[in-house]
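Some notes on the structure that comes next.
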Amino acid sequence: MNLLPAFQCHRPATLEEAVRLKAASASARFVGGGTDLLVNLRRGLGDPAALIDLTAVADLATIRRDGDELWLGAAVTLAGLARHPEVLAAYPALAEAALAVAGPTHREAATLGGNLCQDTRCIFYNQSEWWRQANGYCRKYEGDKCHVVLKNDRCYATYHGDIAPVLMVLCADCVVFGPDGVRRLNIAGLYREIGSDHLTLAPGEVLAAVVLPPAPKGRRAGYAKVRIRDAIDFPLAGVAAALTRDGDVIGELKVAITGSNSAPLAIATDVLSGRAWNDETAPILAQSLRKQASVLRTTVVGASYRRRVMQAVARRLVDTLWQQD
Amino acid sequence: MKTILTLTLNGRARTDLVPDNMLLLDYLREQVGLTGTKQGCDGGECGACTVLVDDQPRLACSTLAVQMQGRRVETVEGLAKGGRMSRLQQQFHEKLGAQCGFCTPGMIMAAEALLRRNPDPGREEIKAALAGNLCRCTGYVKIVESVEAAAGGAGQ
């Protein structure tokens, strides 16, 4: 590990001040718990002139109810999210996903906003300076060549966040604060399929909150994650699903995945509505996953295993939700 | 760039001038001289540098010192009172939970956080709380037994 670059660290008390500080320095980065960013900076991945620590902005660290919506501040820690009574009562799948992130000590520091905005990962990127240099760097940082996909049309680094797919199936929105005011968009709108530029946030914008709509009656949701060490690792494959049963058939099924593409991905499941979930219909979901997921050689575990295990855990997750009372 | 950092460290108020880009781990080890907190993987993967911040476990290798402004930080050196080991430390000693000793400060601080939150945890809760702490002697049995032995009377 390298020494950290010589940045200045600001600790603003308000979001307005945070955005003002960002506008003053093009290379400044926002930081929450630091479990993603600081580790990357020590590998030489980035050289910001300033860090803007959002954990001192008191408003961002709260969870509050606004009418029938639940607002989660971006600086709420994952541990705080996983033990919040309203989250546990109405959105247990979100608590489940938060508890599946890294280890217990990371979750005490890591924030919701930091998790959603975490950097994409790749075996050619998350390496030491000398390793990347020996390889001629890569398109994601300091280089111009993608070592994963040789046609080299973009960076294919993979998004491995656990929370985003769950928020997608729960139909959550996020609130973005910037120099030009506030905008609200759905979670999927926060991402795009470019590994080196996977967030749609404009320069100077910051993710301020996540808004959860009321949970529909009878909806069951869950998150399934496959990793090398169950206690700590990033997902090799992650599947979130939310299911509403309409008697003996599916009322609505939403599925989103992580660990496959450069952005978390909603899977097309419309054709399953109105049909029962069984051995005949389950392959339809597997086919959608095969069609949409684009698993590549971005982790030490082979792509074909990750493709197959994603279909297997998706089947098992929907089986469980289908049978839940 | 430097910042004046005021915090409570092992129960005592302190003020230091620290570089903005200094990690909590380097502040503790190099500036304060508390070398009980270990530098292991140095990348947030092994838990050897676990300290307590306002009673919660934190990785000192991926936390900036300046983020500790106004916080209460405790290291393994803060557990013994009047030269006597805490009950948890004593049990690590008696049940041979220390093994080679390198991961021990992190294990003890992660276990201390658990025992403060839940003084009487079961074996599964202990394993879950220590999930982010790696031992490369590859023996977790003695470590879990040490925490079990200390459960029910932490901090005494």
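The values are calculated or read from the model by the stated rules, or taken from the named source; none is laboratory data. Predicted, not measured: the structure shown is a model, and the values here were computed from it. Positions of Cβ are generated from backbone atoms using ideal geometry, with glycine treated the same way; all protein chains shown enter the neighbour counts.
Which ones in the range B:56-70 are within 15 Å of the chain's Cα centre (by Cα) and either at the interface with chain A (Cβ under 7 Å from one of its Cβ atoms) or at pLDDT below 95 (or both)?
B:Gln56, B:Pro57, B:Arg58, B:Leu59, B:Ser62, B:Thr63
Please go through the range B:9-35 and give me each residue that is buried (at least 17 other Cβ atoms within 10 Å of the Cβ) and either in contact (Cβ under 8 Å) with a residue 60 or more places away in the chain or more than 27 Å from A:Phe234 (Cα to Cα) (or both), ordered by number.
The first filter runs over the range B:9-35 and keeps only residues buried (at least 17 other Cβ atoms within 10 Å of the Cβ), leaving B:9-10, B:18-29, B:32, B:34.
Across the range B:9-35, the qualifying residues are B:Leu9, B:Asn10, B:Val18, B:Pro19, B:Asp20, B:Tyr27, B:Leu28, B:Arg29, B:Val32, B:Leu34.
Any residue at all in the range A:156-173 that's closer than 26 Å to A:Ala50 by Cβ and out of contact with any strand residue (DSSP E or B) (no Cβ under 7 Å at 6 or more places or on another chain)?
Going residue by residue through the range A:156-173, those that are closer than 26 Å to A:Ala50 by Cβ are A:157, A:159, A:161.
Then drop every residue that is not out of contact with any strand residue (DSSP E or B) (no Cβ under 7 Å at 6 or more places or on another chain), which leaves none.
No, the range A:156-173 has no match at all.
So which helices (runs of 4 or more DSSP H) stay within the range A:1-99 end to end and still have 1 or more residues that are more than 10 Å from chain B (Cβ to nearest Cβ) and of a type outside the set (Gly, Ala, Ser)?
Numbers: elements: A:15-24, A:37-42, A:78-82, A:85-90, A:92-99.
Correct list: A:15-24, A:78-82, A:85-90, A:92-99.
What is the number of the single condition among (1) assigned to a helix (DSSP H, G or I); (2) crowded, with 20+ Cβ neighbours inside 10 Å that A:Trp277 does not meet?
Condition (1) is where A:Trp277 drops out.
Would the range A:312-324 turn up any residue that is buried (at least 19 other Cβ atoms within 10 Å of the Cβ), basic (Lys, Arg), touching a Ser or Thr at 6+ places or on another chain (Cβ under 7 Å) and modelled with pLDDT of 95 or more?
No; the residues of the range A:312-324 include none that is buried (at least 19 other Cβ atoms within 10 Å of the Cβ), basic (Lys, Arg), touching a Ser or Thr at 6+ places or on another chain (Cβ under 7 Å) and modelled with pLDDT of 95 or more.
Can you work out which of the residues in the range A:100-113 that are in contact with a Gly (Cβ under 6 Å, 6 or more places away or on another chain) and more than 17 Å from A:Leu190 (Cβ to Cβ) is nearest to the other protein chains (Cβ to nearest Cβ)?
My answer is A:Gly103.
Quick one: count up the residues across the range A:14-55 that are under 18 Å from A:Ala109 (Cα atoms) and either in contact with a Ser or Thr (Cβ under 8 Å, 6 or more places away or on another chain) or in contact (Cβ under 8 Å) with a residue 40 or more places away in the chain (or both).
The initial filter retains those residues of the range A:14-55 that are under 18 Å from A:Ala109 (Cα atoms), namely A:29-42, A:51-55.
Those still in the list that are either in contact with a Ser or Thr (Cβ under 8 Å, 6 or more places away or on another chain) or in contact (Cβ under 8 Å) with a residue 40 or more places away in the chain (or both) too: A:30-40, A:42, A:51-55.
Of the residues in that region, 17 qualify.
Can you report the number of residues in the range A:97-140 which are over 20 Å from A:Ser260 (Cα atoms) and under 17 Å from the mean Cα position of the chain (by Cα)? Break it down into steps so the answer makes sense when it comes.
First, the residues of the range A:97-140 that are over 20 Å from A:Ser260 (Cα atoms): A:99, A:103-113, A:128-137.
If we keep only those that are under 17 Å from the mean Cα position of the chain (by Cα) too, we end up with A:99, A:103, A:106-107, A:109-113.
The number of residues fulfilling the criteria is 9.
One residue is enough: does the range A:125-139 have a residue meeting the conditions in a strand (DSSP E or B), outside the structural domain of A:Leu72 (by TED's automatic domain parsing) and modelled with pLDDT of 95 or more?
Restricting attention to the range A:125-139, the residues satisfying the condition of being in a strand (DSSP E or B) are A:138.
The next check asks that each one be outside the structural domain of A:Leu72 (by TED's automatic domain parsing); those that pass are A:138.
Now restrict to residues that are modelled with pLDDT of 95 or more: A:138.
Yes - at least one qualifying residue is present in the range A:125-139.
Suppose the filter is within 30 Å of A:Leu253 (Cα to Cα) and in a strand (DSSP E or B); does A:Val166 pass it?
No.
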